[in-house]
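Q: Below is the structure I would like to discuss, written out as structure tokens.
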Amino acid sequence: MEIKAIRGMNDILPDEMPRWRLLEETTREVFARYGFSEVRPPVLERTELFFRGIGDETDVVEKQMYTFTDKSGTSVTLRPEATACVLRAVIEHGLLNKDPIQKLYTLGPMFRYERPQKGRYRQFHQINAERLGEESPLADAETLAMAYDLAGTLLGRDSLSMEVNSLGCKECRPGFKDALRSFLVSRQERLCEDCRRRMNTNPLRVLDCKVISCKDAVQGAPVLETFLCAGCSTYHEAVLASLEALGVSYSKNPLLVRGLDYYTRTTFEITASGLGSQNAVSGGGRYDDLLSILGGPNVGGIGFAFGMERLILLMEERQHPVKGCFVVAQAFPEVETKALSLISELRSAHIRAEAAFGKSFKAQMRRADKAKYPLCIILGEDEIQRNTLTVKDMATAEQYTVERAVAVHELKALLAGKE
Ligand code: HAM
């Protein structure tokens, strides 16, 4: 019987790779401009890391983790997100002792047992950035600007919208939680079983519940904005002012709560049109207590993650033809040998070159069309006798004759003109 991939886990096929490459390269380029360095933690971590890091009453930890016991009896989990992992690595390697400001990013697969649909998978990839050691609204604004910059570069700013909120801090959140709890108690019969429990232990989670009756029940709930302490309020205003100074367009959304427990103060989400219900391309925020919760120093941070599949779905088919030549040779041994040495010469000169051997002339021309290189080189008995090559421009169908002796030089110049 045929063995198929696991539901919600996708193969990325050769056709799609150029877009993935472009996404990865653009990310590296944009993040380098902000002074971020790459880090690669493992995909498997101790389960406890996520219990402590994400919060044991979140949907992610309660319902979505791939957790199992390994052969040594240790409970391990395929990471559902990267923040806890990056912070674990920072603490374990004492990176903040070496440099008190850390700006790190990582790209890679995450795993959540969710119901698969367009833009939502069980294995998906994130671009994840974390910035530690600067407690300043400017650092928050710059981090949000970096996310906006990347999204804008990839998708164009017109399709984006960024929503920003403050989730307060240890000082002001308890007052809000009490008010929210009282509100929820009065509507508890409309809440799902999970929310009736969370209402008492972690009422903010109820605001994030995806069950329709819960979404209805929280209409008119108290908003955190009115409970912010003076410190959080001033901080939030300064973040918004800096976003304006940086030319980031955003809207305030006082109802924005994130699905993970570690956030304090600044939180945000970027949505893009064209994705249907799974329209959040990025989300993140500040976490002032997470490092210390994980056993590290009392240092805050801010970060975000993009869902790469969602970006890929939205990125236009920007399939630049790969620069190179397809060599078509008449099926005579002498011509084929010359073609082979030409290909090798081109590759030595760092020109991409390909041929299809053992095929008829017609079949080779078909492959040349399919390969989408800008140039096709045709070698036949005539060309060999005259010591020339025929070069076909695949975009215009024009043909040139080029002297064999200067062919590599000429082809380089022709390809350079294709930029
Ligand atoms: P998150 O909102 O859970 O945040 O995920 C970030 C992004 O990952 C989402 O906006 C979405 O684009 C993508 N994503 C999440 N789940 C799936 C899925 N099942 N399939 C496809 N894409 C998905 C975090 O993970 C935080 N760690 C972000 C962060 C970093 N906060 C601070 N630092």
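The values are calculated or read from the model by the stated rules, or taken from the named source; none is laboratory data. Since the model is a prediction, treat every value here as computed from it, not as a measurement. Methodologically, a virtual Cβ is constructed for each residue, glycine included, from the backbone with ideal geometry; neighbour enumeration extends over all protein chains shown. Please note that ligands, DNA and RNA were not included when accessible areas were found on the heavy atoms of the full protein model with its side chains. Shrake-Rupley method; radii C 1.70, N 1.55, O 1.52, S 1.80 Å.
Q: Based on the alpha-carbon gyration tensor of segment 26-133 and its eigenvalue square roots a ≥ b ≥ c, which shape applies: rounded if a/c is under 1.5, prolate if not and a/b is larger than b/c, or oblate?
A: Verdict is oblate for segment 26-133.
Q: Please list 124-137, 7-20 highest first by mean number of surrounding beta-carbon atoms within 10 Å per residue.
A: 124-137, 7-20
Q: Evaluate the charge dipole of the chain about its Cα centre and quote only its size in Debye, nearest 20, assuming +1 on the Cβ of each Lys and Arg and -1 on the Cβ of each Asp and Glu.
A: Here the chain has a charge dipole of around 860 debye.
Q: Which residue, chosen from Ile377, Val206, Ala145, occupies the Cα position most advanced towards the positive end of the dipole of the chain, where the dipole is computed from +1 (Lys, Arg) and -1 (Asp, Glu) charges on Cβ about the Cα centre?
A: Val206
Q: Further, regarding this structure: Beta carbons within 10 angstrom, averaged per residue: use that to sort the peptides 66-76, 98-108, highest first.
A: Listed from highest to lowest mean packing, they are 98-108, 66-76.
Q: Take the Cβ-Cβ distance between Thr67 and Leu22 as r, set R0 to 35 Å, and report the resulting FRET efficiency rounded to the nearest 0.05.
A: The value I calculate is 0.50.
Q: Moving to a separate point now. Along the Cα-to-C-beta direction of Asp99, a point sits 7 Å from the Cα; which residues of segment 117-159 have their amide N less than 14 Å from that point?
A: What the label zone holds, given the 14 Å backbone N cut-off, is 130-134.
Q: Let me ask something else. Give me the percent of accessible area attributable to carbon and sulfur for the chain, probe 1.4 angstrom.
A: 50 percent
Q: Sticking with this one: Just need the relative contact order of segment 324-416 here, percent rounded to a whole number, with Cα pairs under 8 Å and 6+ apart.
A: Reported as a whole number, the value is 29 percent.
Q: In nm, what is the difference between 0.36 nm times the number of residues separating Ser75 and Glu135 and their Cα-Cα distance?
A: Here the segment from Ser75 to Glu135 would lengthen by 18.1 nm.
Q: Working with all protein chains in place, sort Met308, Met1, Met394 by solvent-accessible area computed with a 1.4 Å probe, largest first.
A: Descending order: Met1, Met394, Met308.
Q: So if I take the centroid of the Cα atoms in segment 186-235 and the same for segment 286-305, what is the distance between those two points in Å?
A: Between the Cα centre of segment 186-235 and that of segment 286-305, the gap is 24 Å.
Q: Can you give me the relative contact order of the chain as a percent, contacts being Cα pairs under 8 Å and 6 or more apart?
A: 15 percent
Q: What whole-number value in Å² describes the accessible area per residue of the chain for a 1.4 Å probe?
A: The answer is 50 Å² per residue.
Q: With each run of n ≥ 4 DSSP H residues scored as -39500 (n - 2.57), what mean residue ellipticity at 222 nm is computed for the chain after dividing by its residue count and rounding to the nearest 500 deg cm²/dmol?
A: Calculated from helices alone, the mean residue ellipticity at 222 nm is -11500 deg cm²/dmol.
Q: Given a Förster distance of 35 Å, report the FRET efficiency between Val322 and Leu44 from their Cβ-Cβ distance, rounded to the nearest 0.05.
A: 0.50
Q: Over 28 Å between Cα atoms: which of Lys4/Lys215; Lys63/Lys103; Lys4/Lys118; Lys63/Lys177; Lys71/Lys210 fall into that group?
A: Lys4/Lys215; Lys63/Lys103; Lys71/Lys210
Q: From the protein chains alone at 1.4 Å, what is the descending order of accessible area for Asp382, Asp158, largest first?
A: Asp158, Asp382
Q: If you restrict to DSSP beta bridges whose two residues both lie in segment 324-416, what percentage is antiparallel, to the nearest 5?
A: Counting DSSP beta bridges with both partners in segment 324-416, the antiparallel share is about 55 percent.
Q: Continuing with the same structure: Just tell me which lysines come within less than 29 Å, Cα to Cα, of Lys98; anything on the same chain fewer than 8 places away is out.
A: Lys170
Q: Counting other Cβ atoms within 10 Å of each Cβ, which chymotrypsin sites (Phe, Trp or Tyr not before Pro) in segment 251-288 have at most 13 and sit in a DSSP loop?
A: Qualifying residues, ordered by number: none.
Q: Right, another one. Between Lys359 and Ala230, what is the label-to-label distance in nm when each label sits 7 Å out along the Cα-to-Cβ direction?
A: Distance between label points: 7.6 nm.
Q: Report the label-to-label distance for Lys170 and Glu334 in nanometres (one decimal), using points 7 Å from each Cα along the Cα→Cβ vector.
A: 8.6 nm
Q: How about Lys323: which lysines have a C-alpha closer than 25 Å to its C-alpha, ignoring those fewer than 8 places off in the same chain?
A: Candidates past the 8-residue exclusion: Lys338, Lys359, Lys362, Lys370, Lys372, Lys392, Lys412, Lys418.
Q: Moving on to the next point. Using 0.36 nm per residue, how much length does the chain from Lys118 to Glu57 gain when fully extended, once their Cα-Cα distance is taken away?
A: So the chain would gain 19.3 nm between Lys118 and Glu57.
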